[in-house]
Structures are given as C-alpha cells and as structure tokens.
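Here, each number is a calculation from the coordinates, and none is a lab measurement. Everything numeric here is computed off the predicted structure, so don't read it as measured data. In this analysis, Cβ positions are derived from the backbone assuming ideal geometry, glycine residues included, and neighbour counts consider all displayed protein chains.
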Amino acid sequence: MLKKGSSWVTSQVLKSLVIQFQLDCFCSLCAAGQLVFEDFLRTEYSEENLLFWLACEDYRKITSKTKMTVAAKRIYTEFVQVDAPRQINIDCVTREEISENISQPEPNCFDRAQRLIYGLMENDCYPRFLKSEIYQALLEQAEQP
C-alpha cells in the first residue's frame, strides 16, 4: 500500500489516484493504481484475477508467433490449467476451449476467459475495493494538506 511520506507518493499523486479510482474502472488505472488494487485483491486471495487480466493485455500485443506460443503456454500453466499456481475461476467450457487451442494459440485465445474475469472484477472485486479500508485510507491521505 502507499505509505504517507513515501518518497514517490506526493499529495498530488495521491489525489489523482483517488480521482482515477472514482472515475475509472480498474482496467484503465495507472501502474500505481494497479498496484494498490492488486494489494487489495491479495488481501482477498484473488490477485490472480488482475494478474491474469494484465497478462492477457500484454499477450494481445505480441506479434511474433513464436513469442505468442511461449506466452500462451505460460499464461495457461500459471492461470488456466486445473491446479495452476494462480488458477482463475472460469467455467469448464472456457477452460476446455483454451486447453484445446493452446498448442496453436491465436491472439484471441484468452478473450473469453479474460471477459469473464473482467466481469468478475468489475461487478464484484472493484466495488468492494472502493469500500475497503485500503481505499478509505487513500481517501483520508488525499484529503490531508
């Protein structure tokens, strides 16, 4: 979490973060905002959702087929496969679809799972974050001169 007096967190940065949290969804947060949201998710044992979503965003930017294959397998083994270290909560049809296509991954092979995880965070995790102690502490710090 951002600590008062941290050398990299000024009052202006704090105020802009608070405004950004209020106006935006988690997907458009700056790097510092994503870290704060990830800290919150970690307290709920669900940081894998944001990490998966971010990994998918990076995956979409890959143009090399070789790099895409390597990245797809990493995402699959870290987040998608049953008993993955950071297994995401998706339905079995989506998991099966990814499993069938992982040997020949396409740029959109994680889109369905990413949409499911996005919906989960948008409708569940993010609203709870805005009510959390972590966010309330940011609000208090931002209101101080």
Just need the relative contact order of the range 48-126 here, percent rounded to a whole number, with Cα pairs under 8 Å and 6+ apart.
36
Pair-distance profile P(r), taking every C-alpha pair of the range 24-145, with 5 angstrom steps and integer %
2, 11, 21, 21, 17, 12, 8, 4, 3, 1, 0, 0
Calculated FRET value between LEU35 and ARG74, using beta carbons and R₀ = 30 Å, to 0.05:
0.90
Multiplying the sequence separation of VAL82 and GLU97 by 0.36 nm and subtracting their Cα-Cα distance, what value in nm do you get?
4.1 nm
